[in-house]
1. If a residue must be within 29 Å of the chain's Cα centre (by Cα), among the acidic types (Asp, Glu) and more than 21 Å from LYS113 (Cα to Cα), how many such residues does the range 151-204 contain?
2. Within the range 38-52, is even one residue surrounded by 13 or more Cβ atoms within 10 Å (Cβ to Cβ) and of a type in the set (D, E, K, R)?
3. Among the numbered criteria (1) open to solvent by 100 Å² or more (accessible area, probe 1.4 Å); (2) in a helix (DSSP H, G or I); (3) touching a residue at least 12 places away in the same chain (Cβ under 8 Å), which one does SER20 miss?
4. Can you tell me which residues in the range 161-178 are aliphatic (A, V, I, L, M) and open to solvent by less than 40 Å² (accessible area, probe 1.4 Å)?
5. Residues ALA147, ALA158, ALA118: which one is closer than 30 Å to PHE75 by Cα and surrounded by fewer than 15 Cβ atoms within 10 Å (Cβ to Cβ)?
6. Select from the range 182-211 the residues that are part of a loop (DSSP other than H, G, I, E, B) and open to solvent by 60 Å² or more (accessible area, probe 1.4 Å) and list them in ascending order.
7. Before we move on, is LEU135 touching a residue at least 12 places away in the same chain (Cβ under 8 Å) and more than 20 Å from the chain's Cα centre (by Cα)?
Amino acid sequence: MNTDLSNYRKSYEKQELLESNINDNPMELFQKWFHEVDTHYKTGETNAMTISTIGLDGYPKSRVVLLKKYTYEGFIFYTNYESEKGKAILSNPNVCLSFFWHEAERQIIIKGKAEKIAPNLSDGYFESRPRGSQLGALVSKQSEVIASREVLENNLKALEHEFEGKDIPRPAFWGGFIVKPVEIEFWQGRPNRLHDRIRYQLDSDFNWQINRLSP
Ligand SMILES: Cc1cc2nc3c(=O)[nH]c(=O)nc-3n(C[C@H](O)[C@H](O)[C@H](O)COP(=O)(O)O)c2cc1C
């Protein structure tokens with residue numbers, strides 16, 4: 001196979017990111033960008049983000065998860081704590097999150113430390129999920145090899161039967177992680193590949209240092 005993609009080329013012209021127009025706190029700029037993308041550009045899932053972890057095998061691995069909440073403290077998503085990513089995070093909490101919103105020609109890259117959120121917060125979110133998603137979380141030993149799809153569906157049926165008419169408790173192996181950022185880079189595509197890159201880094205006094213990076 002020899003597939004040439006060298007003619008794939010796009011000029012980025014929609015927006016700019018200037019120092020005169022940014023916040024001191026990157027979470028506020030994140031909120032501004034998220035809101036703009038969510039309301040003005042039809043992205044589908046604005047909250048879909050890639051999380052990269054360093055695995056127990058020493059390799060980085062990236063996959064998409066959904067951002068479910070963000071605060072000044074960080075970014076929260078939910079998963080199976082015993083999944084490949086769950087085990088990776090528990091052995092090395094350093095992770096990278098990234099968003100690519102191509103309609104807005106924007107990318108955000110976040111380095112941070114992930115930790116489990118308090119169990120009562122995971123309980124609250126789990127209770128708010130539709131019953132089907134609750135059962136799905138319960139039935140899936142995420143990242144483990146299974147014999148067939150049929151096994152999964154049979155296990156689901158058995159659980160539906162077991163919990164008929166009852167509340168479904170959150171399994172201890174499922175819950176939220178919060179990623180507390182130490183660095184956030186905002187990337188805005190610009191013409192002639194002279195993109196805007198503004199990087200916030202947390203210094204030892206917990207103040208955000210802001211720099212422009214060469215594209
Ligand atoms: C749009 C999208 C949203 C997803 N959201 C989640 C999520 O919120 N939590 C999750 O555990 N997996 C989510 N997944 C599945 C993950 O990408 C991944 O397959 C799964 O978490 C297992 O990853 P691991 O084996 O590396 O731990 C999502 C996938 C896509 C494409």
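The values are calculated or read from the model by the stated rules, or taken from the named source; none is laboratory data. What you see is a predicted model, and the numbers here were worked out from it, not measured in a lab. Here the Cβ is made from the backbone with ideal geometry for all residues, glycine too, and neighbour counts use every protein chain on show. Surface accessibility is based on the protein's heavy atoms, side chains included, excluding ligands, DNA and RNA. Shrake-Rupley method; radii C 1.70, N 1.55, O 1.52, S 1.80 Å.
1. 3
2. Yes, some residue in the range 38-52 is surrounded by 13 or more Cβ atoms within 10 Å (Cβ to Cβ) and of a type in the set (D, E, K, R).
3. Checking SER20 against (1) open to solvent by 100 Å² or more (accessible area, probe 1.4 Å); (2) in a helix (DSSP H, G or I); (3) touching a residue at least 12 places away in the same chain (Cβ under 8 Å), the one that fails is (3).
4. Across the range 161-178, the qualifying residues are ILE168, ILE178.
5. The match here is ALA118.
6. LEU194, SER204, ASP205, PHE206, ASN207
7. yes
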